[in-house]
Amino acid sequence: MAPEQQPKPVQLCVFDTEHDYPEGEEAQRILAYYPPDACSVDDQTSVIGLAQALLTFNANFEQEATCDSMHAQRHVWAFYRPQTHIMMLAVVDQGWLPPTTSDAGLRAVLRQAYAQFVLTHGPLHASLV
């Protein structure tokens with residue numbers, strides 16, 4: 001019997017919001033997922049799918065603004081769109097966060113992660129070509 005995988009307190013995802021992938025090929029939407037062993041590709045696809053659904057649902061009510069964060073029973077989800085069709089997502093266990101952590105603070109961490117990526121690799125769209 002395989003040991004049960006411990007949930008990770010933080011999961012970071014980068015995914016494509018531009019293309020509609022056919023059923024069974026949704027995993028192509030995932031550009032990066034950290035930690036890579038946090039969960040199976042199917043579970044990663046489910047997380048990205050839920051994030052995409054939240055963004056789509058929000059767009060029905062707010063055309064100009066995107067969903068910045070969501071608080072669930074056990075996790076906080078923070079979103080950041082560094083480029084037009086690229087979305088970054090942090091899913092953080094609420095028990096792991098200090099009580100003073102704000103949604104803006106989580107988004108700032110995502111912005112900083114993207115800035116570090118650009119500093120070392122250039123813009124993300126250039127890395128995808």
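FYI, it's all coordinate maths here, none of it is from the lab. For clarity, every value in this text was computed on a predicted model and none was experimentally measured. Here Cβ is always computed from backbone atoms with ideal geometry, including for glycine, and neighbour counts include all displayed protein chains.
Each residue of segment 101-113 was assigned a 3J(HN,Hα) from its phi angle through the Karplus expression (A = 6.51, B = -1.76, C = 1.60, θ = phi - 60°), giving 5, 9, 4, 4, x, 5, 5, 4, 5, 5, 4, 5, 4 Hz with x at Gly and Pro. Radius of gyration (Cα atoms) of the chain, expressed as a multiple of 2.2 N^0.38 Å: 1.07.
How about segment 21-129: which GluC sites (Glu not before Pro) there are in a DSSP loop, with at most 11 other Cβ atoms within 10 Å of their Cβ? Counting only loop positions with at most 11 other Cβ atoms within 10 Å, the GluC sites (Glu not before Pro) in segment 21-129 are Glu23, Glu25, Glu62, Glu64. Each Lys and Arg adds +1 at its Cβ and each Asp and Glu adds -1 at its Cβ; summed about the Cα centre, the chain shows a dipole of about 520 debye.
Pick from Gln11, Gln44, Gln112: which is most flexible by mean-square fluctuation in a GNM of the chain where alpha carbon atoms under 10 Å apart are linked? In this elastic network of the chain, the residue with the biggest mean-square fluctuation among Gln11, Gln44, Gln112 is Gln112. In segment 19-84 the Cα-Cα distances spread across 5 Å bins starting at 0 as 3, 13, 23, 27, 20, 11, 2, 0 percent of all pairs. Could you tell me how far the Cα centroid of segment 14-77 sits from the Cα centroid of segment 84-110, in Å? Comparing the Cα centres of segment 84-110 and segment 14-77, I get a distance of 14 Å.
Starting from segment 59-129, pick out the chymotrypsin sites (Phe, Trp or Tyr not before Pro) whose DSSP state is loop and whose Cβ has at most 16 other Cβ atoms within 10 Å. Sites meeting the loop and neighbour criteria: Phe61, Trp96.
Provide, in order from the shortest bin, the percent of all Cα-Cα pairs of segment 54-129 in each 10 Å bin, continuing until the bin that contains the maximum pair distance. The percentages, shortest bin first, are 17, 44, 31, 8, 0.
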